[in-house]
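Data first, discussion second: the structure below is written as structure tokens.
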Amino acid sequence: MTGPCSNGSDFIKEHFRTSEGIYKLVHNVGFYTALGLKHPKMPLPKVTLFTIKDQFGSREKIVYNLTKDLYLLNASDLLQLDTERSVQGKHTFKDKCPTCHDVNLLTRSKDSVHLLVGTTDGQVHLINPLKWEFIKIYNENYAIENGESSVTCVKWIPGSETQFIASFSSGNMYIFNTTYCTKTPMNEPAISFTLSKQGDSYNILVHRGKSRTKEIVKWELKCGQINEFSFSPDTKHLAVVSQDGFLRVFDFTSEDLVSAMRSYFGGLLCVCWSPDGRYIVTGGEDDLVTVWSLQDHKITARGEGHKSWVTMVTFDPYNSKGIASNGRPLEEDNAELPVYRFGSVGQDAHIFFWDLCEDSLEPVSTWRTKSDTPSETECDKKRPVDKSANNSNNISNSSYSSFTLPLKGSPNKKSNKVSDAANTLPHRNKFSKLRSFVRHSHSDTHLSDSQLLRNIQCYTILDSVKVPRLYEVPRIDPLVSKRVSSERLTCIVFTKDHVLLSCNEGNIYVWSRPTNAITS
């Protein structure tokens, strides 16, 4: 059985072998709705796994969204191949679809769980799924974001019982506090914000209540749609990926932009941190997984193999070696080199396992052909080529590294003119090239000139002269590359004994790990 992404010999696998043993498909659970895939705003199905404790011990629960339905599943029944008993509850939204969800691990108990659910109309629901109680609704009357802006990602701030962040397709992020009510009458004007800080290509605004406390904090990134964000393990940094193809890393306490990276082509769709906070892995429309070093501020490696967009990347803490359980590297003298295992899934219906270590990084020269000129890869053909970028004089005279982007202290920091923005790019027709770049980054060819000009300063600051090509950075080859579904994969979750996958057609695949092969 093959799908549209298959080349004819790429059959769907039900088991595959790795260095630690054999992974086997033990269960395929299908959830179907009458709405199906015909809904124009069909969000990607996602899985959130959490554990609660009661008098019977620890029980694992799964939150799963599909079209307008939101499911609460018993993981133990699901793993025991009892599909009917696994569905503990279900809620169907009327005029909206759930897009993302997250559970507060600090406030959970046997009777109450605080679950955040973002929807396609820009609302965030605070729900107790154990009893299906709707506690609060944020942006209920669209006083913060209009109904055309959907919630793309929502997460509790680690270590906080009351604060969470929600990102929207408008390019804004909001920090909410559950102790304050955001409900406003229908006829009241929109909530007003005052400018608190202005940074490189972003603004931070604050809404203060009657007690003059920060009730809502707004981050304007001017980046198009924000696709996902993720906190570092120590909660000091926040990584954000967006449709303009940029990875932005913020110091969450000082609200400063400390690092940035641009994709090879198209937008970035997913992001995750390594367990020790040393690396950031992204995936997106360039069909690549990119490893970014926060300490070195450069691309550590790129992984090629996906045949379509990468929808999710995540680390496997149970098969990573040389990293302590608290997320810090081992400090013993005889400790082995750390090996970071992470997985990725994409719209090509493939699952990939990657091992990131010094031994797995291939030299830069292996990307080249036998001739003196570098080979043109498939991604090179997709990306618009600037012929003048090959001019050695332009590259050598640039004050920016090809691996990093100019941030604070760059010569163009205070530049806000069209001519200054265009002068940062080594093009003949600079303004037309800048228009093309902004349009390409936003994946929208219908932007007006005024809309393009409003975004020029953002790219004046963040855009580097040259983005490294594939042959200029080390490469990692996938440890595993298998087609495991007939439809697009949307989510991957690692547990101690299983690997959970979800696809766009409403199926959850349960894979068993190799026995006696798990390392802590």
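The values are calculated or read from the model by the stated rules, or taken from the named source; none is laboratory data. Not measured: the values here are computed from a predicted model. Quick reminder, even Gly has a Cβ in these numbers, built from the backbone with ideal geometry, and neighbours come from all protein chains shown. Accessible surface is based on the protein model in full, side chains and every heavy atom, while ligands, DNA and RNA are left aside. Shrake-Rupley method; radii C 1.70, N 1.55, O 1.52, S 1.80 Å.
Residues in region 47-65: is at least one among the β-branched types (Val, Ile, Thr) and under 15 Å from Val151 (Cα atoms)? Even if it seems obvious, please write down each step before you answer.
Our first condition is that a residue be among the β-branched types (Val, Ile, Thr); within region 47-65, this holds for 47-48, 51-52, 62-63.
Still in the list and also under 15 Å from Val151 (Cα atoms): none.
Within region 47-65, none of the residues are among the β-branched types (Val, Ile, Thr) and under 15 Å from Val151 (Cα atoms).
Take the residues of region 260-272 that are surrounded by fewer than 23 Cβ atoms within 10 Å (Cβ to Cβ) and out of contact with any Gly (no Cβ under 7 Å at 6 or more places or on another chain): which is modelled with the lowest pLDDT?
The qualifying residue modelled with the lowest pLDDT is Phe265.
State all residues of region 488-513 that are among the small types (Gly, Ala, Ser) and surrounded by fewer than 18 Cβ atoms within 10 Å (Cβ to Cβ); if no residue qualifies, say none. Break it down into steps so the answer makes sense when it comes.
Initially, region 488-513 is screened for residues among the small types (Gly, Ala, Ser), giving 502, 506, 512.
Within region 488-513, just Ser512 meets the criteria.
Just to check your reading of the model, which residue among Ser150, Ser109, Ser169, Ser192 is hydroxyl-bearing (Ser, Thr, Tyr), out of contact with any Ser or Thr (no Cβ under 6 Å at 6 or more places or on another chain) and modelled with pLDDT of 90 or more?
One residue alone meets the criteria, Ser109.
For region 216-233, what are the residues that are assigned to a loop (DSSP other than H, G, I, E, B) and over 17 Å from Pro158 (Cβ atoms)?
Those that are assigned to a loop (DSSP other than H, G, I, E, B) and over 17 Å from Pro158 (Cβ atoms): Leu221, Lys222, Cys223, Gly224, Gln225.
Kindly provide the set of residues from region 156-181 that are farther than 13 Å from Ile144 by Cα and open to solvent by 50 Å² or more (accessible area, probe 1.4 Å), ordered by number.
Pro158, Gly159, Glu161, Gln163, Thr179, Tyr180
For region 469-498, enumerate the residues that are part of a loop (DSSP other than H, G, I, E, B), within 19 Å of Val26 (Cα to Cα) and over 21 Å from the mean Cα position of the chain (by Cα). Full working, then the answer.
Taking region 469-498 as the starting set, the residues that turn out to be part of a loop (DSSP other than H, G, I, E, B) are 469, 473-474, 477-479, 484-488, 495-497.
Okay, now just the ones that are also within 19 Å of Val26 (Cα to Cα), so 484-487, 495-497.
Listed by number, the residues that qualify are Val484, Ser485, Ser486, Lys496, Asp497.
The rows are residues; the columns are (1) out of contact with any Gly (no Cβ under 8 Å at 6 or more places or on another chain); (2) not polar (S, T, N, Q).
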site	(1), (2)
Asp200	yes, yes
Val206	yes, yes
Glu215	no, yes
Ile226	no, yes
Ser230	yes, no
His237	no, yes
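Any chance you could count how many residues in region 126-141 are in a loop (DSSP other than H, G, I, E, B) and open to solvent by 50 Å² or more (accessible area, probe 1.4 Å)? Walk me through it before giving the result.
First, pick out the residues of region 126-141 that are in a loop (DSSP other than H, G, I, E, B): 129-132, 139-141.
Those left that are additionally open to solvent by 50 Å² or more (accessible area, probe 1.4 Å): 131-132, 140.
Number of matching residues: 3.
Conditions tested, residue by residue: (1) at pLDDT below 95; (2) in contact with a Lys or Arg (Cβ under 7 Å, 6 or more places away or on another chain).
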position: Arg85; (1), (2): yes, no
position: Phe93; (1), (2): yes, yes
position: Thr99; (1), (2): no, no
position: Asp121; (1), (2): yes, yes
position: Val124; (1), (2): no, no
position: Lys131; (1), (2): yes, no
position: Phe134; (1), (2): yes, no
position: Tyr138; (1), (2): yes, no
position: Ile144; (1), (2): yes, no
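Among (1) under 23 Å from Asp296 (Cβ atoms); (2) open to solvent by 10 Å² or more (accessible area, probe 1.4 Å), which single condition is Gln225 missing?
Single failed check for Gln225: (1).
Regarding Lys13, is this residue charged (D, E, K, R), modelled with pLDDT of 90 or more and either open to solvent by less than 70 Å² (accessible area, probe 1.4 Å) or not in a helix (DSSP H, G or I) (or both)?
On the way: charged (D, E, K, R): yes; modelled with pLDDT of 90 or more: yes; either open to solvent by less than 70 Å² (accessible area, probe 1.4 Å) or not in a helix (DSSP H, G or I) (or both): yes.
Yes; evaluated as a whole, the condition is true for this residue.
Between a first residue in region 232-246 that is under 11 Å from Met261 (Cβ atoms) and a second residue that is among the acidic types (Asp, Glu) and open to solvent by less than 30 Å² (accessible area, probe 1.4 Å), which pairs have beta carbons less than 6 Å apart while being 6 or more apart in sequence or on different chains?
The qualifying pairs do not exist here.
Of the residues Thr300, Thr311, which is hydroxyl-bearing (Ser, Thr, Tyr) and under 13 Å from the mean Cα position of the chain (by Cα)?
None of the other options fit; the residue is Thr311.
Select from region 192-219 the residues that are over 20 Å from Thr162 (Cβ atoms), charged (D, E, K, R) and open to solvent by 30 Å² or more (accessible area, probe 1.4 Å) and list them in ascending order.
Lys197
Need at least 2 residues that are buried (at least 21 other Cβ atoms within 10 Å of the Cβ) and within 22 Å of the chain's Cα centre (by Cα) per element, so show me which strands (runs of 3 or more DSSP E) inside region 64-125 make the cut, counting only ones lying wholly within it.
98-103, 115-119
Look at Thr48 and say whether it is open to solvent by 50 Å² or more (accessible area, probe 1.4 Å), modelled with pLDDT of 90 or more and within 20 Å of Asn504 (Cβ to Cβ).
Considered against the rule, which asks whether it is open to solvent by 50 Å² or more (accessible area, probe 1.4 Å), modelled with pLDDT of 90 or more and within 20 Å of Asn504 (Cβ to Cβ), Thr48 comes out as no.
Can you list residue pairs whose Cβ atoms sit under 9 Å apart, with the first residue in region 286-315 being aromatic (Phe, Trp, Tyr) and the second being in a loop (DSSP other than H, G, I, E, B) and open to solvent by 30 Å² or more (accessible area, probe 1.4 Å)? Count only pairs 6 or more apart in sequence or on different chains.
Trp309/Gln347; Trp309/Arg488; Phe315/Pro275
Restricting attention to region 239-258, does a residue exist that is open to solvent by 20 Å² or more (accessible area, probe 1.4 Å), in a strand (DSSP E or B) and of a type in the set (Phe, Trp, Tyr)?
There is no residue in region 239-258 that is open to solvent by 20 Å² or more (accessible area, probe 1.4 Å), in a strand (DSSP E or B) and of a type in the set (Phe, Trp, Tyr).
Of the numbered conditions (1) charged (D, E, K, R); (2) buried (at least 18 other Cβ atoms within 10 Å of the Cβ); (3) within 26 Å of Ser230 (Cβ to Cβ), Glu60 fails exactly one; give the number of that condition.
(2)
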